[in-house]
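Notes for the one structure printed next.
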Amino acid sequence: MTEAQSDSRGIPARAQVYSRISGFFRSPAVKLVFILAIGMVLTVPLGIVWLLVAERDHNSRTVIRNIGQQWGAPQRLSGPFVVLPYRVEVVGVKIVEVVAGTEEKPVILRKEEPDISEAVRYAVFTPEALRIEGDIVTSVRERSIYKATVYTADLTVDGAFAPITGIKTSEKVTGIDWHRMQMVVGISGLSGIETSDLTLNSGKPILLEPGAGIMTGLDNGAVHAPVLFTDAGNASAGFTFRLSLSLRGSENLSVTPAGRTTDVALRSPWPHPDFTGRFLPAEREIGNEGFSARWSVPHLARPLPTQWPMTANRLGELMPYAFGVRFVTPVDFYSLVDRALKYGLMFIGVVVIIVFALEIATGVRVHGVQYLLVGLMMIMFFVLLLAFAEHMGFGRAYLIAALTTGSVLTAYVALVFGRFSRALVSAVCFGLLYAILYLILQLEDYALLAGACLGFVILTGVLFATRRIDWSAIRPADEAPVQG
């Protein structure tokens, strides 16, 4: 065999091998892998946008909290409670020295004798019946681009304390200081008190002082009546009370079920209440004009006796049983943008798949840098959505971000592929994608289900649409593709 013959037969063979290798690297499969790598790179700017949303959300909550603290903190009403000092006999032991023996030889003996003294204790009593009714007027306070919901609650707290027939204790009671009896009401935000008026047995108003008086355990704030009765007979006979309060607050209003039976009724024109705490309302009505709700808590539903010594931390056991209402902002666009970002990779992936499908269908080569730019434009959609949502709300911001980025992508597809029909197809696909994502975000409770179904439908469509693609691009030209 001659060298020329060898060259004449070897060169086509090497060219065929080179053609196959070159075709493989230009195949759709390799291109798809390269696009997936670009998608992984895009997770970095997508994560930066997510951090930006978290930072803006934190700033918003900080400003809203500051507005609330200046107007009035979230209010929690506890009580009222009656605190009654009493004296008990305390028996101890004392050492007594006794001199024995003779005068010449005295002997000092030490012996133990009972030591009886008095100590002051405090008993806490809860109402036999407790009823709370309130009308809550809400308003919105603004600072820069942030808004906070605040309220003024006009509350009427009334009920009755049962007659005090004795102190439940294992110690020997030597006396009760009826003249030092106090009533204590826990109010978490004292700076929000506008007016307060306490009457007993429908009599004259009683002066209230700040602080918990002789009671301990109400560390978040309280007011008390330092003197209730000067006559022991009136103090022990039981009495009714009526407390009128006007409170400023923010975010939520809650009540602890202090009474043996506790009934609470609240009304407000705020149409977006969130009932929170251990108990839900037994009755409630919610409409565009506001809400009304009524709770009824029996004594068996909360771990609190009608009387206990103040040394026992019973109030700490009662606080987790608080219930009430939170005034929810109807549209929290930060959470919506955050939820949109969770679908970001799928969202960007669908757009890239649309461009990739047009590339396969038309044969026009699209460079990897162009795919990267398309992905960055989709990330810019989330940035625009966040920026505009802070100023004009989520709905209009979504429309603006979708129109701007969708129009740019459609124009770019038209320039790359050179036909209006292909740009029209991409515009329809982009529009459907934006619309479906918006619907998923509005579903809230069914967002995961809708997103999962959408991902399944898209993957199924891609699966069957690409069944005849020669992914390796190395099949001989005369070989027919496998039929799906």
TODO: Below 29 Å Cα-Cα, how many Lys pairs turn up in the range 73-327? Only count pairs eight or more apart in sequence, or on different chains, if you could.
DONE: 5
- [ ] With a cut-off of 13 Å, note down the residues of the range 237-270 whose backbone N falls inside the zone around a label point 7 Å from the Cα of Ser202 toward its beta carbon.
- [x] 240-242
Open item on the list: Sort Met377, Met392 by Cβ crowding within 10 Å, fewest neighbours at the top.
Closed with: Met392, Met377
- [ ] Return the sequence-ordered ³J(HN,Hα) values of the range 428-434 in whole Hz as given by the Karplus equation 6.51 cos²θ - 1.76 cosθ + 1.60 applied to θ = phi - 60°, using x for Gly and Pro.
- [x] 5, 5, 4, x, 5, 5, 4
Task: Segment Ala129-Leu190, length gained on full extension (0.36 nm per residue, minus Cα span) - done: 19.5 nm
- [ ] Would you mind checking which residues have amide H under 5 Å from Glu128's amide H? H placed 1.01 Å from N; only 5 or more apart, or other chain.
- [x] Ala160, Phe161, Ala162, Arg260
Task: Using θ = phi - 60° and Karplus 6.51 cos²θ - 1.76 cosθ + 1.60, couplings along the range 316-329 (whole Hz; Gly, Pro as x) - done: x, 6, 7, 4, x, 8, 5, 8, x, 9, 10, 9, 7, 6
Open item on the list: In whole Hz and in residue order, list the ³J(HN,Hα) couplings for the range 374-387 that follow from phi through the Karplus curve 6.51 cos²θ - 1.76 cosθ + 1.60, θ = phi - 60°; x for Gly and Pro.
Closed with: 4, x, 5, 5, 5, 5, 4, 4, 5, 5, 4, 4, 5, 5
TODO: Using every pair of alpha-carbon atoms in the range 73-327, split the distances into 10 Å bins beginning at 0 and state the percent of pairs per bin, rounded to integers.
DONE: 7, 27, 29, 16, 9, 6, 4, 2, 1, 0, 0
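Work out the length of the dipole vector of the range 73-327 about its Cα centre, built from +1 on the beta-carbon of each Lys and Arg and -1 on the beta-carbon of each Asp and Glu, and round it to the nearest 20 debye.
Working: 25 positive and 28 negative charges, 104 e Å.
My answer is approximately 500 debye.
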Task: Peptides ranked, highest mean first, by Cβ atoms within 10 Å: ranges 421-433, 66-78 - done: 66-78, 421-433
TODO: With label points built 7 Å along Cα→Cβ from the Cα atoms of Ala301 and Ser170, find their separation and express it in nm.
DONE: 3.3 nm
- [ ] Calculate the dipole size of the range 320-410 relative to its Cα centre from +1 charges on Lys and Arg beta carbons and -1 charges on Asp and Glu beta carbons; express the result in debye to the nearest 20.
- [x] 80 debye
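Taken together, the values in this text are just the output of simple stated rules run on the coordinates, not laboratory data. Fair warning: this is a prediction, and the values are worked out from it, not measured in the lab. Cβ coordinates were reconstructed from backbone atoms using ideal geometry, including for glycine residues, and neighbour counts include every protein chain displayed.
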